[in-house]
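So the structure is just underneath, and the comments pick up after that.
No lab work stands behind these numbers, since they all come straight from the coordinates. Predicted model only: the values in this text are computed from it and were never measured. FYI the Cβ positions are ideal-geometry reconstructions off the backbone, even for glycines, and counts take in every protein chain you see.
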Amino acid sequence: MNPLRLFHKSFDHGVHPAHLKEQTCDLPMQRVPFVKEYLMPLGQNLGAPSKSIVQIGQRVRKGELIAEAAAFVSTTLHSPVTGTIKEIGDFRNFDGNFVPAIKIEADIYATQQSDAGNPIEWQSLSIDEFIQEVQNAGIVGMGGAAFPTHVKFAIPEGKKIRYLLINGAECEPYLTNDHRLMIERPEDLLMGAEIVRQKLGAEETVIGVEKNKPEAIAALRQHIKPGDPVRLVPLHVKYPQGAEKMIIKTIFNREVPAGQLPRDVEVNVNNVSTVVAIADYFERGRPLIERIVTVSGPGITYPANLIVPLGTPVRELLRFCGGLTDATQEVIMGGPMMGRPIATLDSPITKGSSGILAFTAAETSRRKEYPCISCGRCVEACPYFLNPARLARLSRARLFDEMVNYNVMDCVECGCCTFACPSAIPIVQLIRTGKDDLRTRKETPA
Amino acid sequence: MNAKDPELLLEHAPLLQQGMSTPQAMRDVIYSLVPVTLAGIWFFGLSALLVLVVSILGAMLTEWVFSSAENKTESLWDASALVTGLLLGLTLPPGLPLWMAFLGGVVAIGFGKIIWGGLGNNLFNPALVGRAFLLATFPIAMTTWNPVSDVDGFFMVHATNLALPFMHVEPDAMTSATPLGLFKFEQEATPIINLFLGNTSGSLGETSGLLLLLGGLYLWWRRDLDWRIPASILLTVVVFSGILGLFDAERFPTPLFSLFSGGLLLGTIYMATDPVTSPITPKGAWIFGCGIGCLVVLIRVWGGLPEGVMYAILLMNAATPLINRYTQPTVFGRGKERS
């Protein structure tokens, strides 16, 4: 055991980037105005893309089902607005690739108020019915991975969940969407957690929040009643505290075996936004049609925490925030450590978009790269105990198969190694290249 | 919204980086060596300064000559050649003929670094390669030690310093043995306080234990060195020589004497911790350090030479790739019973 655990609970290794949340952490969530057109990509979740069930020209109401799940590991889509289906075809996704999507033109005469839907009598649902309802609501993991939530709830025979872990770590710098949600909607969060806890039959709900969010911790503490099976755990501030396996290690000191899932150590982990989405569905009958997005970074004129209907083009969000400054060089979807660059601003906000960050030359220009001097900082940063220096060297030499011997597939691409490297070697980027090559060759028959 | 879209870059995350850079780490090493260097000059006078300057010149000139055309000034700015030249100079006797010090610098960079493919690719510590070459080629000059100079002698340059290349060198009339030499050949122990402060004869940067430890602390505080390596070397030396002392306290040096005499601290803090030539894995660092500690005591006690730090480090450098291979960290979730 690491002796440091006596002083503060945490996983081993990891890095300490600046928090950089000051720009938005005190700004209340704000609803963005409705825009003219919405673009709903069919593949907003990990797994199989949804299957469209609408026709061009068809009128849809806000919250109406527009695409159904194509498989078990797939989910549904609902219209974020009242309007007309304008086009179904291929549109550019944020990464620049064409993906199948539904374009909806908003009805300018509709009020776009949320219909007060019907609450769902969740107490009487069986676990299978509950899983079906979560899939009907189109809920996915909203921390960024967008893994269909109902799949996580399907616990195989013989396994049992003891702890429901609510992940409010939000360890990525800049992002404050989960932070604001915990401050402004603690009751819904606790409600959603209670629904899931009861349905999974877990003994206890544990909420993990990094200590740099004292207001969120206070708000939750205020709403947890004595005797509730809920435990709030302030977490040591360290990246990647919010990574599923790391937060489990931190709180329960259990290591999820490589290639296995949290349920194998009797834990179910959900992001705070996901849990609030569950409360929205079961308490108000509202499927997942909007999410909270932090728009921030040095390139944004007026940073904000926004409640955004899914499908809103990034360009419209930026316009609402006063636009990009002239110095802006790059826009990132997600956080600065694991986010991905946006190739076209016409691409939409999807279920997994936690942040839109704009960066200037200070962040995007890489320092001059030096040779690896084997200083070992990456080895001591990697929370998965890999040898990133070795992996990067192998990737440069294109010895991708050799990388497998160094467990490259256990890498979650958290980026601690690149962050820690004094020689400015793009370590995680090189590792990604290797993983992509290995994955592609595995999927493509020879 | 601006009228035009900015030309968006697609630089991949992470976009954040910690502040330390490789040239900065090299500069830290130089800063930490300032007290030791000044003390060496103070103890051994102008001769010491000349030896240092010349060995640095040899190293940097070689680096410059062998760098690719577009990289000529850049490679000097990363300061690694300066560090190598300085470290080499600090391991030399203050009365060494200057041309030998220069040649040592050339060999350190040329054979210690460039032929391996430059920074980051060498197997052996470059400064020690330079020193090993000098010791093998000029054994007399490399083991002729000048006593600490008095105040009057500060500006005196030893005649041996100015010897012409490849000519016969008349040894300085004023020579004195190092504390290790005294112990080995005359069974005479030097007081620990002198070893600690540094007013004994020896290589010009190795004598002051206090300042070397201070430099090491600074590097540890800046996280530029892996503390496991010095810790394991020093611990091994103390334990090993302590055990020997149990058998024959007269014949074997005390642990404290072993720690502060000779080049142990200089080698431990500055050469053994060279990141390029030491293991990258934490477990490997312990093995590496223990190996060096054992070899140091073995060579010092049973070898023909009074000092063995240089060979101990070079031998363990050779073992580094193997150590790395067998000490890969246990990947998260792959331990036998980690959860």
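Some notes on this structure:
- Environment charge at B:ILE313 (Cβ cut-off 11 Å; Lys +1, Arg +1, Asp -1, Glu -1): 0
- Using alpha-carbon coordinates, inclination of helix B:126-137 to the longest axis of chain B, degrees: 30
- 10 Å Cβ neighbours from other chains, averaged over peptide A:365-371: 5
- Shown for chain A: cysteine residues without a partner Cβ closer than 4.7 Å, namely A:CYS25, A:CYS171, A:CYS321, A:CYS372, A:CYS375, A:CYS382, A:CYS411, A:CYS414, A:CYS416, A:CYS421.
- In chain B, helical runs assigned H by DSSP with n ≥ 4 each contribute -39500 (n - 2.57); averaged across all residues and rounded to the nearest 500, the mean residue ellipticity at 222 nm is -17000 deg cm²/dmol.
- Over the range A:377-443, relative contact order from alpha-carbon pairs under 8 Å, at least 6 apart, %: 37
- Summing +1 for each Lys or Arg and -1 for each Asp or Glu among the other residues whose beta-carbon sits under 13 angstrom from that of A:THR301 gives 0.
- Residues whose placed amide H lies under 5 Å from that of A:ARG231, excluding near-sequence neighbours: A:THR205, A:VAL206, A:ILE207
- Overall Cα dimensions of chain A, principal axis frame, Å, largest first: 64, 53, 51
- Cα-based helix-to-principal-axis angle, B:46-66 vs chain B, degrees rounded to 10: 40
- Over all other residues within a Cβ to Cβ distance under 14 Å of B:ILE323, the charged ones net out to +3, with Lys and Arg as +1 and Asp and Glu as -1.
- Projecting label points 7 angstrom from Cα along Cα→Cβ for B:ALA231 and A:VAL73 puts them 4.3 nm apart.
- Relative contact order for chain B, counting Cα pairs under 8 Å that sit 6 or more residues apart, in percent: 17
- Cut-off under 5 Å, modelled amide H: who pairs with A:VAL60 long-range: A:GLY83, A:THR84, A:ILE85
- The convex hull drawn around the Cα atoms of the protein assembly as shown, when projected onto a plane and averaged over every direction, covers 40.1 nm².
- Per-bin percent of Cα-Cα distances, chain B [10 Å]: 6, 24, 33, 22, 9, 4, 2, 1, 0
- To the nearest ten degrees, helix B:309-326 and the longest principal axis of the Cα atoms of chain B are 30 degrees apart.
- Mean Kyte hydropathy of 0.5 or more with a Cα span along the axis of at least 15 Å, helices from DSSP in chain A: A:272-284
- Long-range HN-HN contacts of B:HIS158 with modeled amide H, under 5 Å: B:SER47
- An ellipsoid equivalent to the range A:75-227, defined through the eigenvalues of its Cα gyration tensor, has semi-axes of 31, 22, 18 Å when rounded to whole angstrom and sorted largest first.
- Debye equation applied to the C-alpha atoms of the range B:210-339, log10 I(q)/I(0) at 0.14, 0.18 Å⁻¹: -0.63, -0.94
- Estimated vicinal HN-Hα couplings, Hz - the range A:355-361 in sequence order (Karplus 6.51, -1.76, 1.60; Gly, Pro = x): x, 10, 10, 10, 10, 9, 4
- With 10 Å bins beginning at zero, the pair-distance distribution over Cα atoms of the range A:357-446 amounts to 17, 46, 27, 9, 0 %.
- Sequence-distant contacts, meaning Cα pairs under 8 Å at least 6 residues apart, place the relative contact order of chain A at 19 percent.
- Working from label points 7 Å from Cα in the Cα-to-Cβ sense, the A:THR111 to A:ARG61 distance is 1.3 nm.
- FRET E, pair A:LYS160, A:VAL404, Förster distance 41 Å, beta-carbon r, rounded to 0.05: 0.80
- Of A:ARG254, A:ARG221, the sequence from fewest to most neighbouring Cβ atoms within 10 angstrom is A:ARG221, A:ARG254.
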